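Values in this text are rule-based calculations from the coordinates and carry no lab data. If you're wondering where the values come from, they're calculated on a predicted model, not measured in any experiment. Cβ placement follows ideal geometry from the backbone for every residue including glycine, while neighbour counts extend to all protein chains displayed.
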Amino acid sequence: MSEPLQGALAPPMVNGEAVFEAPWQGRVLGMAHALAAAGVFEWDEFRDCLIEALAQWDREGEGAFEYYDHFQRALETLLSRRGLVPADALGARASALASRPHGHDHNHDHDHPPADRDSPVR
Amino acid sequence: MSDHDHRAIRAEALEALLAERGLLTADAVDRVIETYNERVGPMNGARVVARAWTDPAFRSRLLADGSAAIREFAFPDVQTDKLVVVENTDRVHNVVVCTLCSCYPWAVLGLPPRWYKDPAYRSRVVREPRRVLAEFGVSLEADVEVRVWDSSAEVRYLVLPQRPDGTAGLDEQALAARVTRDAMIGVARL
């Protein structure tokens, strides 16, 4: 995996474990690393986008600092700049998903690690 | 719609588009999250182990007084509880448990894995450690003594694994990358 982000760029951790307030935060962290690992972009390119997003918040930010909001924006910006996922395509897909009826049958299983992989002792 | 919902949907949309474009799979994302929790957390412990392998004076200090020795690393969350480091050798294999709850040296290992809190692990590793270790894939020769260390709120244990063969040329950082969380609990060998 790419180098873990350090210092001011590091994601929130408690007791050494990455802390996600919601599953989507884990997904965006996972996407960024997986895309870099797959060679879709260089990790340093993403890092630069994240630095840029955090610097913008330093200058203009108000309210509580939400690390993963910036992380998500940095990832979207990089993918859009590279023409891999244009901003309008992302916006259109998000709107389509948002208009799903409540209780749609979307499979949420991917938000959870396999239940038995850590439990060889039985 | 809350801001979280909005962001969750954007993340879902992005992942779907990346998957459709063949740039990403859900499995790859899952693996990263697991890696973050299993490697980045235990990395502090791995650095301690790697230094003990490369610096005999540090190794002596570590085995004599684990709590004092790890202060040399200035980890951000150094706990004040007593840390005892137990060394694996050709003759002795150490394994750590907390029979009462899930006491764990989190300053060096992050959060415990799920099975560490499992009642089956907590009781069986004391009763039949060889069998439990075999289930983890650690088959010990008959002449190897197994020592089971029961953690408490006052004392936490960290296993110093044996340095793997074929690592003579590696520096401290490269060695640390070889150390796994499970080896530092004692349920794996390197």
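Ranking of B:TRP149, A:TRP43 by neighbouring Cβ atoms within 10 Å, starting from the fewest: A:TRP43, B:TRP149.
Taken one residue at a time, the phi angles of region A:28-45 give Karplus couplings (6.51, -1.76, 1.60, θ = phi - 60°) of 5, 4, x, 4, 4, 5, 5, 5, 5, 5, 7, x, 5, 8, 7, 4, 5, 4 Hz. Gly and Pro are set to x.
Simple point charges give the picture: +1 on the Cβ of Lys and Arg, -1 on the Cβ of Asp and Glu, and for region B:3-71 a dipole about the Cα centre of about 640 debye. For chain B, adding -39500 (n - 2.57) for each run of n ≥ 4 DSSP H residues and dividing by the number of residues yields -12000 deg cm²/dmol at 222 nm. Listed values for region B:55-67 are Karplus-derived 3J(HN,Hα) couplings in whole Hz (6.51 cos²θ - 1.76 cosθ + 1.60, θ = phi - 60°), namely 10, x, 5, 5, 4, 4, 5, 5, 6, 6, 7, x, 4, and x replaces Gly and Pro. Backbone amide hydrogens, once placed in the peptide plane, bring B:LYS82 within less than 5 Å of B:ARG156, excluding anything fewer than 5 places away on its chain. Residue order for B:TYR157, B:TYR116, fewest other beta carbons within 10 angstrom first, comes to B:TYR116, B:TYR157.
Within 10 Å of the Cβ of each residue in B:19-31, the mean number of Cβ atoms contributed by other protein chains is 5.
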